[in-house]
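Single-structure report; data block below.
The values are calculated or read from the model by the stated rules, or taken from the named source; none is laboratory data. Only a predicted model underlies this, so the values are computations on that prediction, with no experimental measurement involved. Here the Cβ is made from the backbone with ideal geometry for all residues, glycine too, and neighbour counts use every protein chain on show.
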Amino acid sequence: MIATVYPSSIGGALNVPASKSAMQRALAAALIRSGKTTLFNPGRSADDLAALRCIQTLGASVEQLSDRWVIRSKGIYPAGNTLDCGESGLSIRMFTPLAALSAVDMYITGSGSLKSRPMQFFNEVLPQLGVNVSLNNGSLPIALQGPMQPKSLSIDGALSSQFLTGLLMAYSAAGAEDAVIEVNDLKSRPYIDLTLGVLQKFGMPVPINDGYRYFSFPKNRRLTVPAEVEYRVEGDWSGASFWFVAAALAGAIELTGLDADSVQADRMIERVTENNQLDLSGKEPIFHLHQGMPERFTFDATDCPDLFPPLVALACHCEGESIIKGTSRLKHKESDRATVLKEEFGKLGVTITLQDDFMHVLGGQGLAGGRVCAQGDHRIAMALGVAALAARGPVMIEEAESVGKSYPGFWADLKSLGASLTLTD
């Protein structure tokens, strides 16, 4: 699909869709606890649906209602032996350790860019926990023979915090005792805070976090396990970051559905745009975003790498050079994201330089119209879409359907704000 976005002024109100980071963790927590869970404001992105398939394969039943999902589980008792994680990086890294808790031989698959993402972590770590692992040259598919036996170990946290999230979930599900996970060079710490928060709300054993270096599961911890859990999935700061930028460039937006106190890493977008006013007088927070004069910035996105695309969309309209740190975190996304940002924004006249762990974006020249491609990356598609609002001519974005991975309604929401755009096959 091709989205053609014309220079536009925008205005209106939006309710932010559910956070897929929170939604997928909530689905995993609903699986590993015994009992009934009701999830309100459920997400329906492609990644959310991949996580849904995973918990159903691992034994949970799910009733999907219009405003909530009701999940019943007795723990991990696989209904099948093939776990399809779609193209969800979080699902593959979170559900692989959970699947390894079962004595049933499991086969883990995925699609798209997930097939080429490195999974050697599992080959290095899971055998230490009594699991036989087989990979395809360090990538999918993964064959597992468990069950996992949690014990103390040391892991590398530099590639992705999602591997640690999977282990923390699995250790909690197994009732690990007297076990410590030591983590070296942990990245994206806010996502671990999100994991620990979900475990706590679901009444699961929560490890003691010692400076994000040691996560300890002590002996004989007393738990208050609720008979039923009701959990409302918070709005997605990752998706909202594009609206913060869109407002800064092209108009005024009122956003609802966001938690003003969220631990989501991408809440850091507030620090860069500074174009919002928070109203706490009503039943829920309302963010009033307005157009401003974007100024060049320097920002460390090491712990929030998903902010690179919207930050580039903003930086190309700023006067002067903006610098974003953390490009080493972009290699294994849905695309080689740093390179794709350089290539596609380059087609619109933006000069982007990659040096060491930094991205330099030279703004001030404006954004030309032209034809670009999202290269299968949902965040690239959305970044090009909001940047095009302030371009000198229309921007044609190929593979625009890729937004479905995290935000299926993105183009409809952009149009509802008054943006001039067309979608064609």
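When only residues in segment 201-253 that are in contact with a helix residue (DSSP H, G or I) (Cβ under 9 Å, 6 or more places away or on another chain), part of a strand (DSSP E or B) and not small (Gly, Ala, Ser) count, which is surrounded by the fewest Cβ atoms within 10 Å (Cβ to Cβ)?
Asn209
Which residues, taken from segment 68-96, are part of a strand (DSSP E or B), free of Cβ contacts under 8 Å to residues at least 40 places away in the same chain and under 16 Å from Arg25 (Cβ atoms)? Talk me through it step by step, then tell me what you get.
Taking segment 68-96 as the starting set, the residues that turn out to be part of a strand (DSSP E or B) are 68-73, 82-84.
Now restrict to residues that are free of Cβ contacts under 8 Å to residues at least 40 places away in the same chain: 68-70, 72, 82-84.
If the condition is that a residue be part of a strand (DSSP E or B), free of Cβ contacts under 8 Å to residues at least 40 places away in the same chain and under 16 Å from Arg25 (Cβ atoms), then Trp69 is the only one that fits.
Can you tell me which residue within segment 27-45, out of those that are surrounded by 22 or more Cβ atoms within 10 Å (Cβ to Cβ) and of a type in the set (Val, Ile, Thr), is nearest to Tyr231 (Cα to Cα)?
Only one residue tops the list, namely Thr37.
Within segment 53-64, work out how many residues are surrounded by 23 or more Cβ atoms within 10 Å (Cβ to Cβ) and not β-branched (Val, Ile, Thr). Can you show your working first?
Taking segment 53-64 and keeping what is surrounded by 23 or more Cβ atoms within 10 Å (Cβ to Cβ), we get 54-55, 58, 60.
Subset that is not β-branched (Val, Ile, Thr): 54, 58, 60.
Final tally of qualifying residues: 3.
Out of contact with any helix residue (DSSP H, G or I) (no Cβ under 9 Å at 6 or more places or on another chain), closer than 22 Å to Ala179 by Cα and either modelled with pLDDT of 95 or more or assigned to a strand (DSSP E or B) (or both), is that true of Pro150?
no
Among the listed residues Asp67, Asp48, which satisfies the condition of being touching a strand residue (DSSP E or B) at 6+ places or on another chain (Cβ under 9 Å) and surrounded by fewer than 17 Cβ atoms within 10 Å (Cβ to Cβ)?
Working: Asp48 fails: surrounded by fewer than 17 Cβ atoms within 10 Å (Cβ to Cβ).
The match here is Asp67.
Note down all Cβ pairs under 6 Å where the first residue falls in segment 101-118 and is assigned by TED's automatic domain parsing to the domain that holds Cys85, the second is of a type in the set (Ser, Thr, Tyr) and buried (at least 21 other Cβ atoms within 10 Å of the Cβ), and they're at least six residues apart or on different chains.
Cβ pairs passing all conditions: Ile108/Thr96.
Return the residues of segment 70-80 that are touching a helix residue (DSSP H, G or I) at 6+ places or on another chain (Cβ under 8 Å) and either surrounded by 12 or more Cβ atoms within 10 Å (Cβ to Cβ) or not assigned by TED's automatic domain parsing to the domain that holds Gln24 (or both); say none if nothing qualifies. If you could, list the steps in order and put the result at the bottom.
Let us first name the residues in segment 70-80 that are touching a helix residue (DSSP H, G or I) at 6+ places or on another chain (Cβ under 8 Å), namely 71, 73, 75-76, 78-80.
Answer for segment 70-80, where residues must be touching a helix residue (DSSP H, G or I) at 6+ places or on another chain (Cβ under 8 Å) and either surrounded by 12 or more Cβ atoms within 10 Å (Cβ to Cβ) or not assigned by TED's automatic domain parsing to the domain that holds Gln24 (or both): Ile71, Ser73, Gly75, Ile76, Pro78, Gly80.
Name the pairs: first residue in segment 56-67 and closer than 9 Å to Leu31 by Cα, second residue hydroxyl-bearing (Ser, Thr, Tyr) and surrounded by fewer than 17 Cβ atoms within 10 Å (Cβ to Cβ), Cβ to Cβ under 7 Å, at least 6 apart or on different chains?
Gly59/Tyr77
I'd like the full set of residues that are of a type outside the set (Phe, Trp, Tyr) and either within 18 Å of Pro42 (Cβ to Cβ) or buried (at least 21 other Cβ atoms within 10 Å of the Cβ) (or both), limited to segment 393-412. Talk me through it step by step, then tell me what you get.
Kept after step one, since they are of a type outside the set (Phe, Trp, Tyr), are these residues of segment 393-412: 393-406, 408-409, 412.
Once the filter is applied, which keeps residues that are of a type outside the set (Phe, Trp, Tyr) and either within 18 Å of Pro42 (Cβ to Cβ) or buried (at least 21 other Cβ atoms within 10 Å of the Cβ) (or both), segment 393-412 yields Val395, Ile397, Ala400, Ser402, Val403, Gly404, Lys405, Ser406, Pro408, Gly409.
Give me the strands (runs of 3 or more DSSP E) completely within segment 310-404, filtered to those with at least 2 residues that are among the aliphatic types (A, V, I, L, M) and not assigned by TED's automatic domain parsing to the domain that holds Leu186, ordered by residue number. Explain how you work it out, then say what you get.
Details: elements: 321-325, 351-355, 358-362, 370-373, 395-398.
In segment 310-404, the matching strands (runs of 3 or more DSSP E) lie at 321-325, 351-355, 358-362, 395-398.
Where the second residue is hydroxyl-bearing (Ser, Thr, Tyr) and the first is over 22 Å from Ala388 (Cβ atoms) and lies in segment 325-351, which pairs have Cβ atoms under 7 Å and are six or more apart or on separate chains?
From residues that are over 22 Å from Ala388 (Cβ atoms), the pairs are Lys325/Thr302; Gly326/Thr302; Arg329/Thr302.
In the set Leu362, Leu423, Leu354, which member is in contact with a Phe, Trp or Tyr (Cβ under 9 Å, 6 or more places away or on another chain), surrounded by fewer than 20 Cβ atoms within 10 Å (Cβ to Cβ), modelled with pLDDT of 95 or more and over 20 Å from Phe244 (Cα atoms)? Explain how you work it out, then say what you get.
Values: Leu362 fails: in contact with a Phe, Trp or Tyr (Cβ under 9 Å, 6 or more places away or on another chain); Leu354 fails: in contact with a Phe, Trp or Tyr (Cβ under 9 Å, 6 or more places away or on another chain).
On inspection, the qualifying residue turns out to be Leu423.
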